[in-house]
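J.: Below are the structure tokens for one structure; questions will follow.
The values are calculated or read from the model by the stated rules, or taken from the named source; none is laboratory data. Only a predicted model underlies this, so the values are computations on that prediction, with no experimental measurement involved. FYI the Cβ positions are ideal-geometry reconstructions off the backbone, even for glycines, and counts take in every protein chain you see. Please note that ligands, DNA and RNA were not included when accessible areas were found on the heavy atoms of the full protein model with its side chains. Shrake-Rupley method; radii C 1.70, N 1.55, O 1.52, S 1.80 Å.
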Amino acid sequence: MCYLDQTSPLSREVFRSDTAMKREISRHISFYASTIHPFSYIRFCWESIMIVTFALAFIVLPYDVVYLYHPDEYDVLSWFHVLVLCVDFICLIDICFNIRTGYYEKDRQYVELSAGKIAHRYLRFWFWIDLISSAPDPLFSHYIVPKQALHHAFIECLSKREFHFGCFWDSWKVLSVMKIFRLPTFLRYISNVFKRFRIRRNVFKFTTIATIIVLSFHWMSCMMFLVPRFAQGTDPELVDPQSWTVKDDLWDQEPIYRYYETLARTVYLLGMVTHSIDFFMTNEDVVMDMLAIVIGYVLKIYILAELIIFIRIMFSSTTKYHEQHHELQNYIRHEQLPASLEKQLFQYYDYRVADLYSRKAMIDQVTGAQFFFAIRKDVAGPLIADVTLFRDTLSAGVIHKLLAALRYQIFLKDDLVVNAARGSKFADMVFVIRGTVAIYTSAWREVLHLEDGEHFGEYQLVLDDPDIKYSNIVAVETSEVYVLDKSVFNEILSQHPILQEQIATLARERYDALVALEKNLVLKTIEETETIRRTRKFYQ
């Protein structure tokens with residue numbers, strides 16, 4: 001469960017073939033068995049648990065910190081504080097998970113699984129945020145906080161440089177709200193769950209907007225009451241009469257009533273239904289009202305921008321994908337294709353467009369030939385460089401033409417990539433980008449498998465000899481390959497007669513050497529087998 005989950009769509013985004021996944025699992029088991037893969041099933045389960053935990057933390061922690069400030073309101077056996085304790089302890093366990101879980105570097109397209117590098121990256125910043133904000137505050141509050149009310153204001157303690165235990169307790173409690181810095185992580189976990197279950201992107205966008213709105217109102221409501229409490233203290237007799245908290249008579253009310261009143265005030269200010277700034281207000285009230293109005297403007301701009309993006313998403317790539325999918329269904333129904341071929345068509349379509357409708361022709365036209373060749377050189381350049389026959393004979397200009405001539409194709413499982421029965425005229429060379437293909441003899445005897453980055457067919461491509469063996473190539477899984485057509489190759493080399501003669505001569509020498517080596521191995525194997533058989537017969 002700690003290794004790469006091959007059934008996850010997240011894994012398929014990074015490792016697009018079964019071969020690459022198996023190679024990653026082998027690397028994990030061989031070198032980093034003590035760490036957790038970021039695309040493992042156990043990591044997905046834990047992220048699902050943390051989605052619920054973060055959601056509870058973002059709701060209950062600010063309420064606990066802001067509105068439950070009297071010692072007599074702290075009962076560690078109440079259901080609310082048991083819930084707060086559970087959230088804190090799960091967040092502490094999350095620290096242990098994070099320090100043992102690898103991470104994906106998108107720039108390098110590499111999953112880092114080294115325990116030392118994982119710990120170093122985590123300890124640089126996020127570890128301290130998680131540790132401080134996950135301290136089990138209700139336990140400390142229940143056993144340490146004095147029974148008298150907290151009369152001293154936190155701001156007053158700072159300005160006069162006086163130490164009071166109540167101020168220390170208030171500042172300690174506020175540290176737990178640092179968990180809000182984990183909001184991007186919370187949204188990323190939700191995105192991973194949506195991707196795993198293939199929920200449409202516009203649903204995730206709507207969920208994100210709703211989450212931001214709800215948390216903005218909730219946290220601003222808590223801030224509206226926290227600032228007066230820090231500035232004025234919690235003793236009603238010492239609070240400035242001009243404060244809105246005194247006018248609304250909140251200090252002697254139940255915590256839930258304080259929250260409702262503050263939420264109503266926040267809704268009015270953030271929604272800019274009205275404002276309550278006048279000359280008979282404290283300075284902190286004026287600052288908070290102005291801050292709420294500014295945040296209200298920002299929130300409106302954010303919602304408007306996100307709604308525009310949301311509408312564009314609904315009518316852009318994903319919608320076009322489903323439209324094309326529907327048209328493909330109509331085509332299959334019209335042509336009355338069998339179920340097996342229908343399934344194969346949909347598999348190819350889903351793999352090719354990756355759940356999105358891509359205007360590849362338009363993108364290629366806009367980027368131009370120069371960018372197209374840069375992309376082709378980055379992807380296919382190392383594949384051509386691995387062919388020693390090309391590297392030892394062809395010039396950079398000819399290799400440039402070969403790269404441009406490569407034909408990108410996708411083959412589903414059991415598709416025939418190259419057919420030996422077509423003979424030397426169609427003996428194309430194959431470069432495997434992702435996936436696995438099998439090499440068969442003309443008599444359909446399996447010889448070997450080719451995986452990511454490997455190639456086959458350079459001698460069949462160069463030489464026109466009836467004695468050369470031509471092979472069948474079949475896709476073992478859904479595979480992406482580059483195909484170099486023999487006709488195109490000959491056309492390119494015909495422009496360079498000297499190079500054509502050199503590569504043909506070198507290819508003949510190396511091919512004859514391989515054939516001789518193969519014959520020697522066969523003869524040696526037969527001789528050893530015959531010796532063993534005679535020895536056994538002698539002793540019997």
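J.: Going 7 Å from the Cα of residue 505 along its beta-carbon direction, which residues of segment 375-400 have the amide nitrogen within less than 13 Å of the resulting point?
T.: Answer for this model: 393.
J.: Suppose the chain between residue 404 and residue 33 were pulled fully straight at 0.36 nm per residue; how much longer would it get relative to their current alpha carbon spacing?
T.: 129.3 nm
J.: Here's something else I'd like to know. If the chain between residue 235 and residue 498 were fully stretched, how many nm would it gain, using 0.36 nm times the residue separation less the Cα-Cα distance?
T.: Working it through step by step, the gained length comes to 85.0 nm.
J.: Restricted to Cα positions, what overall size does segment 397-445 have along the principal axes? Three whole-Å values, descending.
T.: 39, 25, 12
J.: Kirkwood Rh over alpha-carbon pairs of segment 386-497, then Stokes-Einstein at 20 °C and 1.002 mPa s: what D in µm² s⁻¹, rounded to an integer?
T.: 149
J.: What whole-number value in Å² describes the accessible area per residue of segment 378-426 for a 1.4 Å probe?
T.: Per-residue value: 51 Å².
J.: Can you compute 3J(HN,Hα) from phi for each residue in segment 42-56, using the Karplus curve 6.51 cos²θ - 1.76 cosθ + 1.60 with θ = phi - 60°, rounded to whole Hz and x for Gly and Pro?
T.: Computed from phi, the couplings for segment 42-56 are 5, 5, 4, 4, 5, 5, 5, 5, 6, 4, 5, 5, 4, 4, 5 Hz.
J.: Continuing with this model, one more query. Around residue 2, which amide H atoms from residues at least 5 apart in sequence, or from another chain, sit under 5 Å from its own amide H, with H modelled in the peptide plane?
T.: For residue 2, whose amide H was placed from the backbone, there are no distant partners under 5 Å.
J.: Amide H to amide H under 5 Å from residue 36: which residues, 5+ apart in sequence or cross-chain, H placed 1.01 Å off N in plane?
T.: 101, 102
J.: Follow-up. Take the Cβ-Cβ distance between residue 115 and residue 85 as r, set R0 to 25 Å, and report the resulting FRET efficiency rounded to the nearest 0.05.
T.: Working: r = 30 Å, r/R0 = 1.20.
Here the calculated transfer efficiency is 0.25.
J.: Per 0.36 nm of contour for each residue apart, how much would the distance between residue 207 and residue 301 grow if the chain were fully extended, relative to their Cα-Cα spacing? Before the final figure, lay out the partial values.
T.: Values: separation 94, 0.36 × 94 = 33.84 nm, distance 1.75 nm.
Taking residue 207 through residue 301 to full extension adds about 32.1 nm, to one decimal.
J.: Hey, another quick one. Please state, as a whole number in µm²/s, the translational diffusion coefficient that the Stokes-Einstein equation yields for segment 19-116 at 10 °C and 1.306 mPa s, with Rh defined as the Kirkwood radius across alpha carbon pairs.
T.: Taking Rh from Cα pairs, D becomes 99 µm²/s.
J.: What three numbers, in Å, describe the spread of the alpha carbons of segment 6-58 along their principal axes, ordered from the longest?
T.: 41, 24, 12
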